[in-house]
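These notes are about the structure you will find just below.
The values are calculated or read from the model by the stated rules, or taken from the named source; none is laboratory data. Since the model is a prediction, treat every value here as computed from it, not as a measurement. Cβ placement follows ideal geometry from the backbone for every residue including glycine, while neighbour counts extend to all protein chains displayed. Ligands, DNA and RNA are excluded from the accessible area calculation, which covers all protein heavy atoms including side chains. Shrake-Rupley method; radii C 1.70, N 1.55, O 1.52, S 1.80 Å.
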Amino acid sequence: MSLKQNTKIENNGIGWCFDNSYARLPESFYVPIRPVPVRMPRVAILNYALAESLGLDLHVLTEDEAALLFSGNVLPDAAQPVAQAYAGHQFGSFTLLGDGRAILLGEHLAPDGGRVDIQLKGSGRTPFSRRGDGRAALAPMLREYIISEAMHALGIPSTRSLAVVTTGETVMRETPLPGAVLTRVAASHIRVGTFEYIALKGGADGVKILADYTIQRHYPELAHEDNPYLAMLNRVIARQASLVARWMLIGFIHGVMNTDNMAISGETIDYGPCAFMDEFDPQTVFSSIDYHGRYCYGNQSRIAQWNLARFAETLLPLLHTEQEQALVLAEEAIRMFPDIFQRYWMAGMRKKLGLFTEEADDHLLIEALLTLMHKHQADYTNSFRALSDEHRPENNLFRDAAFAAWHAQWRARLSHQAEPLQASFDLMRTNNPAILPRNHRVEEALNAASEHGDYTVLKRLLAAVAKPYADVPEYDAYRTPPAASERVQQTFCGT
Ligand code: AMP
Ligand code: MG
């Protein structure tokens, strides 16, 4: 079975090839709805490189045409706009949600054979809007653009950002703010919360349809397994374990790991109050709405496991005809998560420390370093980067006997390996980024754009974070942690 149905693929304008498989699913999965046109769309930023990789040519458009397209005022011919239905556990409580301010235009088939969702975010009210206005403010949409593109450059699976346009309208938040629409590109928008919604509304038959669809779309190689649904559960568990390990290895805090913000594809999705940690502290929280630290840096793997348990529950009717057996299978799968996560995390940490081989005590070496970093309130990113360059004076991170002892132990550990020392430092430099979109730099770029219409700060930041592992003297200033006055204490959803 193939998802593809359109034999005559529309290929209009910039080269869209829409084939809208989600819109062919049962009608209870979504609501057909068009974006609400905006007053005066203007391009804020276009992602030419991403467009090119998708086989789309933005150069054929004038700025005005691009603004019309990426605001949703003009739709591609073969788009079939829908608001997707989903539910979610938000901070632990179950809620019915759905796209309250986003519209899936359809799925574009890229030249490499990939199928991606093209979604407008901030595109107006839908039946799922509840009390919201269906709109988005400019700064949070630019924030998603910056961070998703930085994640991609860091090699971490992520949704991407194709465009941001301003709407010429004001959205009311705590204060009036300029409105905007983001065009998001994703492997799909199927979430844990999508399964929760269908399990509730469509029962076992609905879940089977969604599960079969998801397997076809993301895990086609599992279709012929004896128990494809269990195989899918295991694969999703592995992808999430890998994803969250990778977040943590670079100091990323998602900030709002509700089940509606966990994608079954394994991509990072929904950049709200996310942030990169400056000084290392597992308790770090930035999100203004995370009062109890549920989604703090150090909790992310536990939360991922909790969310995956919610996913597994929706699959119970498919895992086994005997519900008791199904429960055993689901629990077994979920119980594996911490070990799988730990394996990914350890593998990543070894690379961060230049280790090619595995030794039994490696975790002690790693934990000792993190403990020292915590004690010295050391900058997470810069500490690892400094260790990656033996010729930098900062390689000696702390004036501290405990660190000197650690350093000697680490160097002794490196010397146990067959690989030359240089190979270790090369490995470290491709796993310890020099440049991340630090919060104070993101704020600076958003303020310039949102308050003064000045996009030069943003574009410079984007250029810097596009090469996170390179030593580019021109971008050295982006490596500096925030001064006390620049420190960002809280990040906001901006909804
Ligand atoms: P998020 O916090 O972005 O994951 O969104 C959670 C839910 O709130 C989703 O159903 C969104 O569609 C909805 N939502 C967020 N902001 C708005 C808004 N301004 N208007 C309508 N719905 C919204
Ligand atoms: Mg969300």
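Each row is one residue, and each column tells you yes or no for (1) surrounded by fewer than 21 Cβ atoms within 10 Å (Cβ to Cβ); (2) farther than 30 Å from Ile190 by Cβ.
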| site | (1), (2) |
| --- | --- |
| His292 | yes, no |
| Ala304 | no, no |
| Leu318 | yes, no |
| Glu322 | yes, no |
| Leu353 | no, yes |
| His363 | yes, yes |
| Leu369 | no, yes |
| Ala378 | no, yes |
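Say we look at the range 188-208 and pick out the residues that are more than 16 Å from ligand 2 (Cβ to nearest atom) and closer than 19 Å to Asn258 by Cβ; which of these is surrounded by the most Cβ atoms within 10 Å (Cβ to Cβ)?
We begin by selecting, within the range 188-208, every residue more than 16 Å from ligand 2 (Cβ to nearest atom); these are 198-208.
With closer than 19 Å to Asn258 by Cβ added as a condition, the list becomes 198-201.
Details: Ile198: 27, Ala199: 21, Leu200: 14, Lys201: 13.
Checked the range 188-208; the qualifying residue surrounded by the most Cβ atoms within 10 Å (Cβ to Cβ) is Ile198.
Name the residue that is farthest from ligand 2 (Cβ to nearest atom), counting only residues in the range 245-286 that are outside any loop (DSSP other than H, G, I, E, B) and under 16 Å from Val488 (Cβ atoms). Break it down stepwise before answering.
Keep residues of the range 245-286 that are outside any loop (DSSP other than H, G, I, E, B), which gives 245-249, 252-253, 259-261, 263, 268, 275-276, 279.
Going one step further and asking which of them are under 16 Å from Val488 (Cβ atoms), we end up with 252-253, 275-276, 279.
Working: Phe252: 17, Ile253: 16, Ala275: 17, Phe276: 20, Glu279: 29 Å.
Per the stated criteria, the residue is Glu279.
Tell me whether the range 473-482 contains one or more residues that are assigned to a loop (DSSP other than H, G, I, E, B), open to solvent by 30 Å² or more (accessible area, probe 1.4 Å), under 30 Å from Gly122 (Cα atoms) and touching a residue at least 40 places away in the same chain (Cβ under 8 Å). Reasoning before the result, please.
Of the range 473-482, the ones assigned to a loop (DSSP other than H, G, I, E, B) are 480-482.
Then keep just the ones that are open to solvent by 30 Å² or more (accessible area, probe 1.4 Å); that gives 480-481.
Retained after the next criterion (residues that are under 30 Å from Gly122 (Cα atoms)): none.
Within the range 473-482, not a single residue is assigned to a loop (DSSP other than H, G, I, E, B), open to solvent by 30 Å² or more (accessible area, probe 1.4 Å), under 30 Å from Gly122 (Cα atoms) and touching a residue at least 40 places away in the same chain (Cβ under 8 Å).
Kindly indicate which of Arg143, Arg160, Arg131 is among the basic types (Lys, Arg) and over 27 Å from Val244 (Cα atoms).
Arg131
Test of understanding: among Leu142, Leu222, which residue is in contact with a Pro (Cβ under 7 Å, 6 or more places away or on another chain) and open to solvent by less than 30 Å² (accessible area, probe 1.4 Å)?
The match here is Leu222.
Looking at the range 422-440, is at least one residue without any contact (Cβ under 8 Å) to a residue 40 or more places away in the chain and farther than 20 Å from Leu154 by Cβ?
yes
So, of the residues in the range 27-44 that are outside any loop (DSSP other than H, G, I, E, B) and not small (Gly, Ala, Ser), which turns out to be least open to solvent (accessible area, probe 1.4 Å)?
Of all residues in the range 27-44, those outside any loop (DSSP other than H, G, I, E, B) come to 27-32, 42-44.
This time we only want the ones that are not small (Gly, Ala, Ser), so: 27, 29-32, 42-43.
Details: Glu27: 150, Phe29: 4, Tyr30: 22, Val31: 44, Pro32: 95, Arg42: 119, Val43: 32 Å².
Ranking the candidates gives Phe29 first.
How many residues are open to solvent by 40 Å² or more (accessible area, probe 1.4 Å) and either outside any loop (DSSP other than H, G, I, E, B) or basic (Lys, Arg) (or both) when one looks only at the range 383-430?
Within the range 383-430, residues that are open to solvent by 40 Å² or more (accessible area, probe 1.4 Å) and either outside any loop (DSSP other than H, G, I, E, B) or basic (Lys, Arg) (or both) number 17.
Would you call Arg125 assigned to a helix (DSSP H, G or I), of a type in the set (Lys, Arg) and more than 25 Å from Thr214 (Cβ to Cβ)? Quick ask: steps written out before the conclusion?
Working: assigned to a helix (DSSP H, G or I): no; of a type in the set (Lys, Arg): yes; more than 25 Å from Thr214 (Cβ to Cβ): yes.
Considered against the rule, which asks whether it is assigned to a helix (DSSP H, G or I), of a type in the set (Lys, Arg) and more than 25 Å from Thr214 (Cβ to Cβ), Arg125 comes out as no.
Look through Glu149, Glu144, Glu174, Glu196 and report the one residue that is within 11 Å of ligand 1 (Cβ to nearest atom) and either acidic (Asp, Glu) or within 21 Å of Ile118 (Cβ to Cβ) (or both). Lay out the reasoning, then the answer.
On the way: Glu149 fails: within 11 Å of ligand 1 (Cβ to nearest atom); Glu174 fails: within 11 Å of ligand 1 (Cβ to nearest atom); Glu196 fails: within 11 Å of ligand 1 (Cβ to nearest atom).
When all the criteria are applied, what remains is Glu144.
Leu3 is checked against (1) over 12 Å from His108 (Cβ atoms); (2) at pLDDT below 95; (3) open to solvent by 50 Å² or more (accessible area, probe 1.4 Å) and fails just one. What number does that condition carry?
That leaves (3) as the condition not met.
Output yes when any residue across the range 90-101 is buried (at least 20 other Cβ atoms within 10 Å of the Cβ) and assigned to a strand (DSSP E or B), and no when none is. Even if it seems obvious, please write down each step before you answer.
If we filter the range 90-101 for residues that are buried (at least 20 other Cβ atoms within 10 Å of the Cβ), which is where we start, we get 97-99, 101.
Okay, now just the ones that are also assigned to a strand (DSSP E or B), so none.
No; the residues of the range 90-101 include none that is buried (at least 20 other Cβ atoms within 10 Å of the Cβ) and assigned to a strand (DSSP E or B).
Any residue in the range 254-265 that's within 15 Å of His218 (Cα to Cα): show its pairings with residues that are within 10 Å of ligand 1 (Cβ to nearest atom) at Cβ separation under 7 Å, as long as the two are six or more apart or on different chains.
Every condition considered, the pairs that remain are Met262/Arg191; Ala263/Arg191; Ala263/Ile269; Ile264/Arg191.
Any idea which of (1) within 16 Å of ligand 1 (Cβ to nearest atom); (2) more than 21 Å from the chain's Cα centre (by Cα); (3) part of a helix (DSSP H, G or I) is the one Glu313 doesn't satisfy?
(1)
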